[in-house]
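The block underneath contains the structure these notes are about, expressed in structure tokens.
The values are calculated or read from the model by the stated rules, or taken from the named source; none is laboratory data. Quantities reported herein were computed from a predicted structural model and do not represent experimental measurements. Cβ coordinates were reconstructed from backbone atoms using ideal geometry, including for glycine residues, and neighbour counts include every protein chain displayed. Just the protein is used for accessible areas: all its heavy atoms, side chains included, with ligands, DNA and RNA removed. Shrake-Rupley method; radii C 1.70, N 1.55, O 1.52, S 1.80 Å.
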Amino acid sequence: MHNNFIFERAILIFAVILLTVTSCADAKKNYIIAVSQCSEDSWRQKLKQELEMATFFNEGVELRFASANDDSHIQKRQIDSLLSSGADLLIVSPNQTDLLSDEIDKAYEAGIPVILFDRKTDSRKYTAFMGADNCQIGNMLGLFIADKLQGKGKIVEIIGLRGSSPAAERHEGFVSAISRFPGLEIVRCEYGDWTEESGETAMKQILSGYDGEVDAVFGGNDRMALGARRAMMQAGRDISNTLFVGVDALPEPDGGMGLVADSTLSASAIYPTHGDELMILALDILRGRDYPKETLLQSSIVTPENASILLLQHEEVIRQAGYLKTMNAQAGKMRDSLKLQQIILGLVLLFLAIFVFLLSFYARAYQQKKLLNAKLQYEMETVARQRDELEMERDKLIELSGDCQEESDHLSRRDSEFMQKFYSVLDKHLDNPDISVEDISAELCMSRAHLYRKVKSVTGLSPVEIIRRTRLEKADKLLSETGLNISEIAYRVGFSSASYFSKCYRDYFNRLPTDKK
Ligand code: AHR
């Protein structure tokens, strides 16, 4: 019963350890999110930082980035290797629509959720799309230029990378806005590749074949607009009245917002990154929650009137983000120390369980030993008792056989000598628990029956009774004259068990050997 209890406790402790260990091992599922960027620039850096920041609130998310440097072939290979590294979901800004569609379709068909971000493919094989409405951005900036030029002027457009969806959509929206004003004319149009250098090269190309007025330049992004501006200055053009408009409006002194604030650019459109929302969308997909297939992010125009305030607001956001990073670092330290504590706790519990197990085995062995000892003791007593009973039975049988001859009632000298001999033999063997009436009769050179009759006739008692009395009286003497304990006395007077001795002693003297006389 006791052992069972200890075993149950040990099992309980193991269960607790198991729970602790599994909770230490982290109950949350970990996700690997691959992010394939078409290029490396400030806008994409901002997105990367926002995604990384979002992992602070979503433990167990691992981000793996790759950037293709505006090369669709490199991006294909990068997508391949990101997916074969075990990514659970792919976020991708495809460099060019047609060149990357197959690769992205393949990932989608293989069951990897795909989020198209900022740029699109020409296929419907994607899980979700998130990005701004580039057509609306182009349209909004077209209307801005039309307003500033009061519906009359010559415009140059530097379009983004050929084949990329934002370039096509911004152009489409811009042309649609301009076409509403008959006094406005897009005099030249060139492709760039989103970089500042490409904007400069494109403008140089245009100016080499065009020497007319340029009242406004629409760049597919701020960097290309800036490159075009430099080319015009280098060409010696008077740009004091020329509008330079781009897209992105990054909230940094040398980003679009800063360039509008210091009047280098006339306007820009915020091209939202929203890495936090992108992370929520990715996790909703991975966790099987509802999510929108298309998410359009809001854009708005940045002009010299609002650029400074927007920059200030952004500085505040950056300051708060700094706090957030510090808090996250502290939380990380606390998480690490908690993990360590959990490991230590697990080890302590493990040792405790091992200890309880060993203890339970020891307790079981101890109890079994006690049980066996008691059994042995009982068996020894039973054997001694049975032997005495047998001897007495036998004596009675001899008595009943009728073969007895009554000797004289008086103690004769011969009787006295005989009894002396008998006592002297008995005395010699008193400490032997196995001495029997046969042994004594053999030593007296007479039969057992003869000995019995003789002793009985002389003393009125059987030899067994005489032997018992002699043992007990000698024991009584030893009790009062020596400092020996009960067991030692019992063994000295031929009892193999102390408890049996005590029982016989009590039967004879009507008191226990431990009682004072
Ligand atoms: O895909 C759109 C363009 O890509 C952004 O406007 C540009 O700056 C980015 O790299």
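In this label model, Ser308 and Leu324 are separated by 2.8 nm, measuring between points 7 Å along each Cα→Cβ vector. Within the set Lys46/Lys120; Lys396/Lys477; Lys369/Lys474, which residue pairs have Cα atoms separated by over 23 Å? Cα-Cα > 23 Å for Lys396/Lys477; Lys369/Lys474; rest within.
Loop-located chymotrypsin sites (Phe, Trp or Tyr not before Pro) in the stretch 36-139 (DSSP state not H, G, I, E or B) with no more than 13 neighbouring Cβ atoms inside 10 Å: Phe57. Helical runs assigned H by DSSP (4 residues or longer) give the chain a calculated mean residue ellipticity at 222 nm of -20000 deg cm²/dmol, each run adding -39500 (n - 2.57) before division by the residue total.
Here's the list of aspartates and glutamates a cross-link from Lys339 could span, going by alpha-carbon distance under 17 Å and ignoring same-chain residues fewer than 8 apart: Asp26, Glu59.
Within the chain, the longest run free of GluC sites (Glu not before Pro) that sit in a DSSP loop with at most 15 other Cβ atoms within 10 Å is 214-405.
The share of accessible area on the stretch 457-508 that comes from carbon and sulfur is 46 percent, using a 1.4 angstrom probe. Computed over the alpha-carbon atoms, the stretch 32-175 gives an Rg to Rh ratio of 1.05, Rh here being the Kirkwood radius from the mean inverse distance. Between the helical axis of 413-428 and the longest alpha-carbon principal axis of the chain there is an angle of about 20 degrees. Helix 72-84 versus the longest principal axis of the chain: what angle, 0 to 90°, nearest 10, using Cα atoms? Roughly 10 degrees between the two axes.
Surface composition of the stretch 291-407: carbon and sulfur make up 65 percent of the accessible area, probe 1.4 Å. Taking a point 7 Å out from the Cα of Glu294 in the direction of its Cβ, the residues of the stretch 125-148 whose backbone N falls within less than 13 Å of it are 128-136. Run the simple label-point estimate for Asp431 and Asp238 please: 7 Å along Cα→C-beta, distance reported in nm. Those two pseudo-labels are separated by 14.1 nm. In this structure Asp336 has an accessible area near 100 Å², from a 1.4 Å probe over the protein heavy atoms.
Extension gain, Ser499 to Glu399: 0.36 nm times the residue separation minus the Cα-Cα distance gives 32.9 nm.
The residues Arg414, Arg223, sorted by heavy-atom accessible surface at 1.4 Å with ligands and nucleic acids left out, run Arg414, Arg223 from largest to smallest. Around the amide H of Leu297, modelled in the peptide plane, lie the amide H atoms of Gly131, Ala132, Asp133, all under 5 Å away and 5 or more residues distant in sequence or on another chain. Computed over the chain, the convex hull of the alpha-carbon atoms projects to a mean area of 45.8 nm².
Full extension of the chain between Ile344 and Cys189 gives 49.0 nm of extra length, using 0.36 nm per residue less the Cα-Cα distance. Where the centroid of each part is defined by its Cα atoms, how far is the stretch 264-310 from the stretch 431-457 in Å? That distance is 118 Å. Rolling a 1.4 Å probe over the protein heavy atoms leaves Tyr323 with an accessible area of roughly 120 Å². Once the 1.4 Å probe is applied to the protein heavy atoms, the chain comes out at 54 Å² accessible per residue. At each listed q (0.12, 0.18, 0.24, 0.27 Å⁻¹), what is the log10 of I(q)/I(0) that the Debye formula gives for the stretch 193-263 modelled as equal alpha-carbon point scatterers? Treating every Cα as an identical point scatterer, log10 I(q)/I(0) equals -0.28, -0.62, -1.06, -1.26. Between the Cα long axis of helix 2-24 and the first principal axis of the chain there is an angle of about 10°, rounded to the nearest 10. Most tightly packed first, judged by the mean number of other beta-carbon atoms within 10 Å of their residues, the peptides 346-354, 94-102 read 94-102, 346-354.
When the residues His314, His450 are ordered by accessible surface, computed with a 1.4 Å probe over the protein chains alone, the sequence from largest down reads His450, His314.
Solvent-accessible area of the stretch 191-272 (1.4 angstrom probe, protein heavy atoms only): carbon and sulfur portion equals 46 percent.
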